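Asker: Can you keep this structure in mind? I'll have questions shortly.
The values are calculated or read from the model by the stated rules, or taken from the named source; none is laboratory data. These figures come from a predicted structure and were not determined experimentally. FYI the Cβ positions are ideal-geometry reconstructions off the backbone, even for glycines, and counts take in every protein chain you see.
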Amino acid sequence: METFIGSIATYFLGIKLGRTFLLRYGKYTFFRPHHLAFTEQLFHYHGEKIVFVSRLLPIVRTYISLPAGIGRTDLFKFIVYTLAGSLIWNTMLTYARVQLGRNWKHIDQYSKYLDIIAMIAVIAFIIWIAYRNRTKLTKLSHRKKSL
């Protein structure tokens, strides 16, 4: 329950302070206004999908609420997909714990590989979304030129 409350709080923090903060201080972390526009557009069209998939990924699941708030993902959809993704994640963790039993302490030696796989999946997903959006924008600009 604490995680859910924290996710909602971080979502609203993204709505209230995220855009202003990034425009003011983003330059210090190489974050530019066009990055913000891209993020907002991405979350406008795919926010709930991104939230759902991110809830299934270690590390990313902790931080996804902030960009979802900045991108103004629909609150109802954010809540539904956060709960659904968290339910699946917690079910998988519980199942893994039951299956591993006493050998649970040995999972540490494999967790770095799981983290790498998860990060590769996230990067691949971001590249795929960026490629799709770039293709759509290119098609739109060609249509405008032909008119």
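Here is a yes/no grid of residues against (1) in contact with a His (Cβ under 6 Å, 6 or more places away or on another chain); (2) surrounded by fewer than 14 Cβ atoms within 10 Å (Cβ to Cβ); (3) within 27 Å of residue 8 (Cα to Cα):
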{"site": "74", "(1), (2), (3)": "no, no, yes"}
{"site": "78", "(1), (2), (3)": "no, no, yes"}
{"site": "88", "(1), (2), (3)": "no, yes, yes"}
{"site": "94", "(1), (2), (3)": "no, yes, yes"}
{"site": "107", "(1), (2), (3)": "no, yes, no"}
{"site": "110", "(1), (2), (3)": "no, yes, no"}
{"site": "118", "(1), (2), (3)": "no, no, yes"}
{"site": "123", "(1), (2), (3)": "no, yes, yes"}
{"site": "126", "(1), (2), (3)": "no, yes, yes"}
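For (1) under 19 Å from the mean Cα position of the chain (by Cα); (2) at pLDDT below 85; (3) over 26 Å from residue 133 (Cα atoms), each residue gets a yes or a no:
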residue	(1), (2), (3)
10	yes, no, yes
36	yes, yes, no
44	yes, yes, no
68	yes, no, no
74	yes, no, no
80	yes, no, no
101	no, yes, yes
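Asker: Can you tell me which of 26, 18, 6 is modelled with pLDDT of 85 or more and either of a type in the set (Asp, Glu) or in a helix (DSSP H, G or I) (or both)?
Answerer: On the way: 26 fails: modelled with pLDDT of 85 or more; 18 fails: modelled with pLDDT of 85 or more.
Being modelled with pLDDT of 85 or more and either of a type in the set (Asp, Glu) or in a helix (DSSP H, G or I) (or both) holds for just one of 26, 18, 6, which is 6.
Asker: Go over the candidates 69, 47, 14, 26 one by one and state the one that is small (Gly, Ala, Ser) and either exposed (fewer than 11 other Cβ atoms within 10 Å of the Cβ) or without any contact (Cβ under 8 Å) to a residue 24 or more places away in the chain (or both). Before you say what the answer is, go through the steps one by one.
Answerer: Details: 69 fails: either exposed (fewer than 11 other Cβ atoms within 10 Å of the Cβ) or without any contact (Cβ under 8 Å) to a residue 24 or more places away in the chain (or both); 47 fails: either exposed (fewer than 11 other Cβ atoms within 10 Å of the Cβ) or without any contact (Cβ under 8 Å) to a residue 24 or more places away in the chain (or both); 14 fails: either exposed (fewer than 11 other Cβ atoms within 10 Å of the Cβ) or without any contact (Cβ under 8 Å) to a residue 24 or more places away in the chain (or both).
After applying the criteria, what remains is 26.
Asker: Output the residues belonging to segment 51-66 that are assigned to a helix (DSSP H, G or I), crowded, with 18+ Cβ neighbours inside 10 Å and touching a residue at least 60 places away in the same chain (Cβ under 8 Å).
Answerer: 53, 54
Asker: Name the one entry in 129, 123 that is modelled with pLDDT of 90 or more, out of contact with any Ser or Thr (no Cβ under 9 Å at 6 or more places or on another chain) and within 30 Å of residue 16 (Cα to Cα).
Answerer: 123
Asker: Take segment 1-32 and flag every residue that is closer than 13 Å to residue 71 by Cα and touching a Leu at 6+ places or on another chain (Cβ under 8 Å).
Answerer: 10, 11, 13, 14, 18, 19, 22, listed by residue number.
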